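Accompanying notes for the structure given below.
The values are calculated or read from the model by the stated rules, or taken from the named source; none is laboratory data. Note that the structure is predicted; figures quoted are calculated from it, not measured. Using ideal geometry, Cβ is built from the backbone for each residue, glycine included, and neighbour counts are taken over all protein chains shown.
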C-alpha cells in the first residue's frame, strides 16, 4: 500500500513536470499574469511540512526538498523580473517536489512501524513477550 502511495506521488510529480515542460514554451514570462503570491505561500508551506516530517533524513527526501527550495528561489527571481507566469510554473514544481519529499518521509515512517509490528508479532508467536 505504501509503495502505491509513493508511486502515485511520483506519477503526480511527473504529470506536473510534464505540464511545466509543455506550458514552458508558452510561458515567455508574460507580465500580464498576476503574481502567484498564493502559490508561493503554498509551496513554502509544503517545504516547511517536509522539514517537519524530517524528509531531510532520507537521501531522496533531502534531494526533493532541495529541488523544491531551488524552485522557490528561482520563482522569487522571476517575480522580481515581473515574469509571473514562469514564477507560477516554478512554484508548481516546487510544491510537487516538497509533497513528494513528504510522501517519502511518511512512507519511511510507515515501513518502520510495520517492521516494529512484525518483530513484535514474531516475538509474541515465539512466546518471548507477554
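Given the conditions (1) over 17 Å from residue 41 (Cβ atoms); (2) assigned to a helix (DSSP H, G or I), and given that residue 82 satisfies all but one, which numbered condition is not satisfied?
Answer for residue 82: the failing condition is (2).
Is it true that residue 19 is modelled with pLDDT of 95 or more and assigned to a helix (DSSP H, G or I)?
no
Answer with yes or no whether residue 83 is within 30 Å of residue 112 (Cα to Cα), out of contact with any strand residue (DSSP E or B) (no Cβ under 6 Å at 6 or more places or on another chain) and surrounded by 14 or more Cβ atoms within 10 Å (Cβ to Cβ).
Answer is no for this residue.
Could you please let me know if residue 74 is buried (at least 17 other Cβ atoms within 10 Å of the Cβ) and free of Cβ contacts under 8 Å to residues at least 24 places away in the same chain?
Criteria met by residue 74.
Which pairs have Cβ atoms under 9 Å, sit 6 or more apart or on different chains, and link a residue in segment 105-127 that is at positive phi to one that is at pLDDT 95 or above?
No pair meets every condition.
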